[in-house]
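The values are calculated or read from the model by the stated rules, or taken from the named source; none is laboratory data. Just so it is clear, the model here is predicted, and its values are computed rather than measured. For neighbour counting, all protein chains shown are included, and Cβ atoms are generated from backbone atoms with ideal geometry for every residue, glycine included. Surface areas here come from the heavy atoms of the whole protein model, side chains and all, with no ligands, DNA or RNA. Shrake-Rupley method; radii C 1.70, N 1.55, O 1.52, S 1.80 Å.
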Amino acid sequence: MIEVKTPGELEAMRAAGLVVARTLSLLTEAARAGVSTADLDELAEQTIRDAGAVPSFKGYHGFPASICASVNEQIVHGIPSSSQVLAAGDLLSVDCGAILDGWHGDSAVTIEVGVVSDADRALSVATRSAMWAGVEAVLPGGRLTDISHAVQTAAEQASLADGVEYGMIVEYGGHGIGTSMHMEPFLPNVGKPGRGPRLKVGMALAIEPMLTGGSGETRELDDGWTVVTADGSRSAHWEHTVAVTADGPWVLTAAE
């Protein structure tokens, strides 16, 4: 069963989404050379709690922090650390979630630390474009894999335009969200259109493609959380929480 929300419940999710959006905006400003990912985690938790919300990630299946901070070859689920100090040229993906009045918001951005390479900037732009293509496919009456197909097609188009064969991470993808952070359905980032559950007004989905500058193969570090590219290539991750409405997609984690 896929959770369907009332208009009022979607408004409550929007409030949680705005907490996430403001937090990610502050983290983007704060992510500079010499700053540790633990510093960013502290700022995120304080910002979320000051808004009367609770970090979704902290304690989730034992995760020890309020954000996932994944640097360079780290794809997702990077654990913030005082020893992980950012340097100019790093590509930092930050995933953030907040719970407000029982409703969840979830979003991720990839941040350029100082001046990054043209290749890394193109990788991030391609990933963000793939996310927005998925967002545009969140339409009532459509099928779940219409979103998957839109994400995949945009990524492939970016590969052709950039002359780079970007790797798509297929083990991880989007998901339903609402009264819990991760809910049915799982939303693949690749697939043929016209398959899976039909999208209904009131559903909410987190859309989150992850691309790499090389292979799509991954491995998990010994910490049991951090996922990295198997070939050491760099990775980018973008995500928004999106509601299905009669008027089209409503991005609940977009800034005001």
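Please give the peptides 186-192, 122-128 ranked by average Cβ packing (other Cβ atoms within 10 Å per residue), highest first, as a rough proxy for protection. The partial results should precede the final answer.
Details: 186-192: 18.9, 122-128: 22.7.
Output ranking for 186-192, 122-128: 122-128, 186-192.
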Helical mean residue ellipticity (222 nm; -39500 (n - 2.57) per DSSP H run of 4+; nearest 500) of the chain:
-10000 deg cm²/dmol
Karplus 3J(HN,Hα) series, Hz, for segment 230-242 with 6.51 cos²θ - 1.76 cosθ + 1.60 (x for Gly, Pro)
5, 9, x, 6, 7, 9, 9, 8, 10, 8, 9, 8, 10
Which cross-chain or sequence-distant (5 or more) residues have an amide H under 5 Å from the amide H of residue 218, H modelled 1.01 Å from N in plane?
230
Taking H as built 1.01 Å from N, whose amide H comes closer than 5 Å to the amide H of residue 242, not counting residues under 5 places away?
205, 206, 207, 252
Find out how many positive minus negative residues lie around residue 109, taking Lys and Arg as positive, Asp and Glu as negative, among other residues whose Cβ is under 13 Å from that of residue 109.
-4
On the accessible surface of the chain, probed at 1.4 Å with all protein chains in place, carbon and sulfur together account for a percent value of 53 percent
Phi-derived 3J(HN,Hα) across segment 196-210 with the Karplus relation (6.51, -1.76, 1.60, θ = phi - 60°), rounded Hz, x for Gly and Pro, is x, x, 7, 6, 10, 4, x, 6, 9, 9, 9, 9, 8, x, 10
Kirkwood-based shape ratio for segment 58-97, expressed as Rg/Rh from alpha carbons
0.97
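Where does each of 216-227, 146-157, 90-101 land if you order them by average Cβ count within 10 Å, highest first?
Details: 216-227: 14.9, 146-157: 22.5, 90-101: 24.2.
The most tightly packed comes first, giving 90-101, 146-157, 216-227.
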